[in-house]
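Worksheet for the structure shown next.
Please treat every number below as a calculation from the coordinates, not as lab data. Since the model is a prediction, treat every value here as computed from it, not as a measurement. Note: ideal-geometry Cβ built from the backbone for every residue, glycine included; neighbour counts use all protein chains shown.
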Amino acid sequence: MGDLRKKYYGVNEHMTKICPICDKESEVELLGPYRNRHELFGDKRLFICKECSFIFVNPMPTADELDWYYKNVWLKDEVIVESSREAELTYQLQANERVEYISRHIDLMGKNIKILDVGSGYGYLIDAFKRSSRPDMSFYATDPNHENVLRLKAKGARAFADVGEIGEYNFDLITICFVLEHIGEPLKFMGSIMKYIKKGGHLFVDVPERDDTFKDILEPHVGVYTLKSLKTMADKLGLKTVHIIGHGVIRNKIIDKSYLRHNILERIIGAGIRYLDHINMGDRISNLYKRHMLYKQFQFDKEGIDRWWIRVILQKP
């Protein structure tokens, strides 16, 4: 394998690079080329840090390049960002399970609970918190997309393009869902977030787990997480790990081609249900079926190791 790396990538099996989690030169191993669509991510490679198991892109796009990409490319590419009724229901169910997980490990029944959702997108997590009927919650949210900021404000959240614009501190809970994998300097980013959490407050992070092993196109994720790399980051930031676990379907099933074929059959059946929707028949049955199939496919409520994504709850001492 070392000879192949030298032949195709011009590097040795043993080398050192700055690991974004360790924040120092660490011994890394080349995993292979970065799988992309847009030229911004061309000619890049994936490396894994042997110390903390964090996987990262090198050379890393600059913060300005990533900002330009998200404002001009990302949401317009439906190969990368799926837009459908099934995708929307998936995000809703996933948000519901996030709230259930958070509620099992954090007491949110106090008065005037302040929650900040960083990178809130369409606000699915805020909707899920509201559906849980927990009283005395105020919601703040950030998203770089102007249209999303307007959507979030319409939901009753105090929404901003950037955390620095909020002007509020002492949050009881800050949630960061499917954001860190897009950040080139995660340690610096998380450090900047910590000042907004009150003493004893909590931080909830949700990231894909080793999605380099099953995604055909990794773009635009510039960091790939493992349980070890998330725990290492928490320790470096001086945060207490309240709970950390893998969630979703076992990752080997995602990689397995027979599992993918099975899901294709489910989609064919789902097409028949969508036809019932179209002719206004069986709406309740259709929704129950879709929920059943999505839970069967993604297993939002299952915990274990080597899963689809990782959830961690951290506490500021």
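Before moving on, here are some points about what is shown:
- Of everything in the stretch 102-141 that is within 15 Å of the chain's Cα centre (by Cα) and among the aromatic types (Phe, Trp, Tyr), the residue that is farthest from residue 292 (Cα to Cα) is 122.
- Subset of the stretch 22-39 [in contact (Cβ under 8 Å) with a residue 60 or more places away in the chain and touching a strand residue (DSSP E or B) at 6+ places or on another chain (Cβ under 7 Å)]: 22, 31, 34
- Residues considered: 42, 110. Of these, the only one that is free of Cβ contacts under 8 Å to residues at least 24 places away in the same chain and loosely packed, with under 15 Cβ neighbours inside 10 Å is 42.
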